[in-house]
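Participant: There's a structure below that I have some questions on.
Read-outs throughout are calculated quantities, based only on the coordinates presented, and are distinct from any laboratory measurement. No experiment lies behind these values; they were computed from the predicted model shown. Cβ coordinates were reconstructed from backbone atoms using ideal geometry, including for glycine residues, and neighbour counts include every protein chain displayed.
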Amino acid sequence: MPRIILLTGFAPVGDERSNPSWEVASQLEGRKFNGLAVKSMRLPVNCRRASQAVIDAITTLAPAAVVGLGQAGGRPTLSLEKVAMNLADPRADRERDGGLQAKPVIARGPDAYFTRLPLAAILRALKRHDIPAALSLSAGVYVCNTVMYSALHTLRRRRTPAGFIHLPYEAAQAAHHRAVASMSLGTMTAGVEIALETIARTL
Ligand code: PCA
């Protein structure tokens, strides 16, 4: 089986016309990093279906690494997610009550998993290339957190690196919001390339 990096992105969220996570992931399809070929996959913005899709992909493709990408509209930098919680609120308007109705992603799974990506090395490499990035201690309680948790849970008995990076709005999306942070697709793509290079080097 060819050694691959599974790189996931999402369909547009809500009324958005695009999702930077899929724009970036689809641009990197087929790219090689240290002999590993990127396999890009577009996930639906739906907790149950996205979780099942990522679990199935890991089972059938046996990737050497798994990197999830998602949009975190309003955040100003690439967010390197440290932790995935066993908590999902499938309602799009969950912010209204702080995700009070959240349920476990996996029944009887552990409360949380830490990322298996080398975040410190990725962060250093991004800074060296002048790409704005920061560690994040919460991937939220929606689909992105669900996908990160599902991947780490599926890989819990393997050493496969896996984790998640949130991306800001791209500039074209921010044009339709009031005073919100954004980044060019080129900068985000360069950032994800640097992250994949760093991960592939550790394998
Ligand atoms: N962002 C949402 C779900 C899909 C996406 O791109 C999230 O942060 O959960």
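Participant: In Å, the Kirkwood hydrodynamic radius of the range 81-197 over pairs of distinct alpha carbons? Mind showing how you got there, number by number?
Facilitator: On the way: mean 1/r = 0.0640 Å⁻¹.
After inverting the mean inverse Cα-Cα distance, the result is 15.6 Å.
Participant: With only alpha-carbon pairs counted, each pair once and no self-pairs, how large is the Kirkwood hydrodynamic radius of the range 142-203 in angstroms?
Facilitator: Values: mean 1/r = 0.0722 Å⁻¹.
After inverting the pairwise mean of 1/r, the radius is 13.8 Å.
Participant: Using the count of nearby Cβ atoms within 10 Å as a rough guide to exposure, how do VAL180, VAL143 rank from fewest to most? Please report the intermediate quantities before stating the final value.
Facilitator: Working: VAL180 15, VAL143 27.
Lowest to highest Cβ neighbour count: VAL180, VAL143.
Participant: Next question, about the same structure. Under 16 Å from the 7 Å Cα→Cβ point of ARG48, by amide nitrogen: which residues of the range 89-131?
Facilitator: Backbone N within reach: 89-92, 102-107.
Participant: I want the antiparallel fraction of DSSP beta bridges within the chain, as a percent rounded to 5.
Facilitator: On the way: 8 of 31 bridges.
If I count the DSSP bridges inside the chain, around 25 percent turn out antiparallel.
Participant: So, one more: Extent of the chain along each principal axis, from alpha carbon coordinates, in Å, largest to smallest?
Facilitator: 44, 41, 27
Participant: Mind giving me the FRET efficiency for ARG3 and ASP97? R0 is 41 Å, r the Cβ-Cβ distance, nearest 0.05 is fine.
Facilitator: Details: r = 44 Å, r/R0 = 1.07.
Computed FRET efficiency for ARG3 and ASP97 comes out at 0.40.
Participant: Can you put LYS82, LYS127 in order, fewest other beta carbons within 10 Å first?
Facilitator: Details: LYS82 17, LYS127 11.
Sorted ascending by nearby Cβ count, the order is LYS127, LYS82.
Participant: Right, something else. Just to be sure I understand the model, the point goes 7 Å from the Cα along the line to the Cβ. What's the resulting ARG178 to GLU29 distance in nm?
Facilitator: Here the modelled spin labels are 3.8 nm apart.
Participant: Would you kindly compute the Cα radius of gyration of the range 65-137 and its largest Cα-Cα separation (Dmax), both in Å?
Facilitator: Radius of gyration, then largest Cα-Cα span, for the range 65-137: 14.6, 42 Å.
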